[in-house]
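Please read the structure below before turning to the comments.
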Amino acid sequence: MTLASKAKVAIVGYRGMVGSVLVNRMLEEDDFALIDATFFSTSTHGTPAPKVGKYDLGLIGDANSVEELSKYDVVITCQGGDYTNEIHPKLRATGWQGYWIDAASALRMKDNVSLILDPINKEQLKQAIAQGQKDFAGANCTVSLMLIGLGGLFTKGLVESAIVSSYQAASGAGAANMRELVEQFGAIYNDVAEDLADRSKTMLDVAAKVQTKLSTDLPAPYFGAPLAASLIPWIDAQHDHGFTKEEWKGHVETNKILGFADNTIKVDSTCVRVGVLRSHSQSITLKLKENLSVEQIEQLIAEHNKWAYLVPNEKQATLEKLTPTAVSGTLNIAVGRVRKLSLGEEYVSIFTVGDQLLWGAAEPLRRMLRLVLDAPLDY
Ligand code: HSE
């Protein structure tokens, strides 16, 4: 993008969870120095924007005003898919030629939209920009986290297929769901606190009381079922052939990010919501095209990018480094438990953990902004 002055960038949905993480990261990396930014909201427009570090962003814009948005060179939206479906076509219908950078899934599978994951597909993104493409979407969080963690295998064409079991945090479902999970933990504890203190009560007594609480009296309006002390093996809407939409995304988005035709790499997932706050974990069984040793596999992973972080397949290292607790709030993608399986020499099992809100959502967006501005990026 060549502009005489700083690019005008509209940031829509800046107050939501992904939007807040995005703004924090942009501040940490001083992205605001490169742009003339304005926050946009569907509800608080016309009021002064909160100060961002040393930057005063003026008044909040009206996110529903296509006319206002059309004055911007770049729109970054974390407002969600309904907003995209409503505003994006109207904005394009005005002839607007700016860049649309979107966290939502609404546009992801359209032909003229690239999925953003530049440590994996930088050349694809640069080529798309050079060819005049204007719409870009962040990918599904589990896909992004898997590909950055295992980029050294996927980008080298070494993977024939993958079977993924995910352990997805509440953050992927939204702020209200995270709150619900913490409240559920609290409600369960409050119910049995006296029994825990009473040494005459056995753990079976306590567990029975927890079970009663879970099955009869634990509010779960957002998840629809208790998540604390339980799990939910269903994420997103129903899709075809018994898959959920989240599981379908794992397959189609992996191939799209890698620039492959659909079905080049088969990715079969079972996506599970677990009582974790903000990092997604995945147990991945890869069928490789070559019989690589564990050492070769680890080397390929470690060499590929600076965020994939190898954890030795040992108990203490795993407890310290391969957990949501160790990874949350960082850009590290921990990769461990690497081992060959008895299924055959080309099968390898790997466990990976990454922060759903960082590489899984906000980070690719700010990096895409730098790509369209032709600004420096670290690799
Ligand atoms: N669909 C994901 C989840 C969010 O529910 O965890 C990240 O794309």
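None of the figures in this text is laboratory data; all of them are computed from the coordinates on show. What you see is a predicted model, and the numbers here were worked out from it, not measured in a lab. So basically every Cβ, Gly included, is an ideal-geometry build from the backbone, and we count neighbours across all protein chains shown.
Tabulated values for the structure
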quantity	calculated
The stretch 1-94: trypsin sites (Lys or Arg not before Pro) in DSSP loop, at most 12 other beta carbons within 10 Å	Lys51, Lys54
The stretch 171-250 - percent relative contact order, Cα under 8 Å, separation 6 or more	27 percent
Rounded Å value of the spacing that divides the Cα centres of the stretch 226-275 and the stretch 296-349	21 Å
Cα gyration tensor shape of the stretch 212-319, rounded if a/c is under 1.5, else prolate or oblate by comparing a/b with b/c	oblate
Peptides ranked, highest mean first, by Cβ atoms within 10 Å: ranges 327-336, 137-146, 174-183, 108-117	137-146, 327-336, 108-117, 174-183
Rough spin-label spacing in nm, given labels placed 7 Å along Cα→Cβ, for Glu345 and Ala176	5.5 nm
Cut-off 14 Å between beta-carbons: net charge of the residues surrounding Ala169, Lys and Arg +1, Asp and Glu -1	0
Mean separation of Cα contacts under 8 Å (6+ apart) over length of the chain, as relative contact order %	19 percent
Other-chain or far-sequence residues with amide H under 5 Å of Gly174's (modelled H)	none
Val75 long-range amide H proximity, modeled H, under 5 Å	Ala10, Tyr99, Trp100, Ile101
Listed residues Gln356, Gln79, Gln184, most fluctuating in the chain (Gaussian network, C-alpha, under 10 Å)	Gln184
Listed residue pairs exceeding 21 Å between alpha carbons, taken from Lys289/Lys321; Lys90/Lys122; Lys110/Lys134; Lys287/Lys340; Lys209/Lys315	Lys289/Lys321; Lys90/Lys122; Lys209/Lys315
Candidate aspartates and glutamates - alpha carbon under 14 Å from Lys71, same-chain residues fewer than 8 apart omitted	Asp36, Asp62
Within-15-Å neighbourhood charge of Lys321 [Cβ basis; K, R +1; D, E -1]	-2
Estimated [θ] at 222 nm from DSSP helical runs (n ≥ 4, -39500 (n - 2.57)) normalised by residues in the chain, nearest 500	-11000 deg cm²/dmol
Ranked His280, His88, criterion: other C-beta atoms within 10 Å, fewest first	His88, His280
Glu160 long-range amide H proximity, modeled H, under 5 Å	Lys287, Leu288, Lys289
Packing-based ranking, highest mean first, of 338-349, 35-46 given that Cβ atoms within 10 Å are counted	35-46, 338-349
Karplus-derived 3J(HN,Hα), 6.51/-1.76/1.60, for each residue of the stretch 261-270, Hz, glycine and proline x	5, 3, 6, 4, 10, 8, 10, 10, 10, 10
